[in-house]
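Participant: This is the structure, below, for whatever I ask next.
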Amino acid sequence: MKAIQLIKYGDAHTAFQTNEVPIPQLKSSDSVLIKVQAFGINFADVMARKGLYRAAPNLPAILGYEVVGTVERVNSNFNENLIGKRVLAMTRFGGYAEYSVASSKGIIEIQDQVPNGHALALATQYCTAHLAIEKTSLFNNDFVLIHSASGGVGTALTQLAKLKNCQIIGLTTTSSKISYLKKNGVNFPIYHRNNNYTEEVLKLTKNQKINAIFNSVGGHTFKKDLELLDSGGHLVFFGISDRIKSRKGILNTLFQLLKIGKIHPAKLILNSQSINGLNLLEIADKKPEQIQNSLKELITLYMAKKISPVSNNEFNWDQISNAHYGLENSKFVGKVHINVIKQ
């Protein structure tokens with residue numbers, strides 16, 4: 001089969017190569033083989049391309065967390081009903097290919113009228129947002145702060161928080177994306193540079209602190225967010241995009257940890273606050289049923305038109321480098337994906 005392999009770390013335009021590789025084998029009883037129609041690109045892929053993601057496979061590697069496609073083969077008679085069905089699946093890498101393997105415990109069947117981009121957004125972006133929201137206790141008119149609010153997860157978090165009638169503060173480092181944030185439902189969009197946003201947030205809320213904060217950036221923003229977090233509040237930490245500014249290596253990793261800082265559990269007890277970490281890849285690998293349950297809830301919301309994924313960033317196979325470059329440099333809003341087979 002044909003696959004896009006990461007052959008070296010670094011620049012998007014020199015890192016990838018299309019090669020012929022064997023079709024993956026079905027090793028576990030719940031494995032299914034999917035003929036890929038489209039696959040998504042996520043910021044974690046950018047981190048992996050730069051050699052900054054420890055969980056990524058060794059080079060040459062086939063990246064990719066989620067695919068839409070048709071089940072062609074199963075490894076258990078129990079899953080024979082899936083053969084020929086169009087499904088949305090999470091993959092532990094291996095998505096940038098004509099065929100990919102996934103666990104039947106973490107996939108859902110999707111209707112033909114659901115566009116590839118919308119389906120793929122529901123996988124990683126909306127699943128991350130859905131699981132992050134579940135870690136909080138949000139009520140009507142609660143203040144919510146979302147970092148990178150114009151990205152795929154930020155878009156999803158905004159829409160899911162709006163269903164709970166929250167007041168949403170959305171951060172962006174690109175001034176041209178303010179109109180998008182407003183259109184997506186952000187009540188208070190903030191354009192900021194160098195992570196200087198705390199004073200403006202408190203001004204908007206009239207010094208009322210924040211009930212839930214969703215942080216995918218890390219670095220110095222972690223300390224700032226703790227200053228903004230209200231008693232009984234929740235800080236959900238699901239990414240460290242700030243790490244991309246530094247080079248690969250243990251010293252740079254240690255520097256990143258120093259920037260984030262540390263906090264004593266006693267302080268969390270005194271303020272009745274919680275800090276939650278969320279790694280979707282780990283959940284998909286260890287508890288795929290949890291992913292499947294989230295996907296079922298999300299597809300129900302989608303079919304009821306209560307959420308609306310944004311997926312205008314559609315590329316073909318030969319444009320993988322352009323897609324990666326644009327995502328890395330904040331050129332897009334919403335989901336980025338590659339069509340393998342024209343829908």
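Participant: So how much slack lies between residue 20 and residue 70, counting 0.36 nm per residue of separation and subtracting their Cα-Cα distance, in nm?
Facilitator: Between residue 20 and residue 70, full extension yields an extra 15.9 nm.
Participant: Label the chain by shape, choosing from rounded, prolate and oblate, from the square roots a ≥ b ≥ c of the eigenvalues of the Cα gyration tensor; if a/c is under 1.5 it is rounded, and otherwise prolate applies when a/b is larger than b/c, oblate when it is not.
Facilitator: Verdict is prolate for the chain.
Participant: Also, I was wondering about something else. Within the set of other residues whose C-beta is less than 11 Å from the C-beta of residue 307, count the net charge using Lys and Arg as +1 and Asp and Glu as -1.
Facilitator: That sum, taken over residues with Cβ under 11 Å, equals +2.
Participant: In the Gaussian network model of the chain, springs joining C-alpha atoms below 10 Å, which of 289, 66, 20 carries the largest mean-square fluctuation?
Facilitator: 20
Participant: Here is a further query. Provide 282, 199 in ascending order of the number of other Cβ atoms located within 10 Å of each residue's Cβ, fewest first.
Facilitator: By the 10 Å Cβ count, ascending: 199, 282.
Participant: Return the sequence-ordered ³J(HN,Hα) values of segment 70-85 in whole Hz as given by the Karplus equation 6.51 cos²θ - 1.76 cosθ + 1.60 applied to θ = phi - 60°, using x for Gly and Pro.
Facilitator: Whole-Hz 3J(HN,Hα) from phi for segment 70-85: 10, 6, 9, 8, 10, 10, 8, 4, 4, 9, 4, 5, 7, 4, x, 7.
Participant: Most fluctuating residue of 35, 162, 206 in a GNM of the chain with Cα springs under 10 Å: which is it?
Facilitator: Among 35, 162, 206, the largest GNM mean-square fluctuation belongs to 206.
Participant: Charges on Cβ only, +1 for Lys and Arg, -1 for Asp and Glu, centred on the Cα centroid of the chain; of 201, 137, 302, which one is farthest towards the dipole's positive end?
Facilitator: Value: 201.
Participant: Using a 10 Å cut-off around each Cβ, can you sort 100, 179 from fewest to most neighbouring Cβ atoms?
Facilitator: 179, 100
Participant: About the Cα centre of segment 20-143, what is the dipole size in debye to 20, counting +1 per Lys and Arg Cβ and -1 per Asp and Glu Cβ, all else neutral?
Facilitator: 340
Participant: Hey, another quick one. Which residue fluctuates most in the GNM of the chain (Cα springs below 10 Å): 213, 275, 307?
Facilitator: Per the Cα network of the chain with a 10 Å cutoff, 275 tops the list.
Readers should treat all values here as calculations from the given coordinates under stated rules, not as data from a laboratory. These figures come from a predicted structure and were not determined experimentally. Neighbour counts are summed over all protein chains in view; Cβ atoms, including those assigned to glycine, are modelled from backbone coordinates with ideal geometry.
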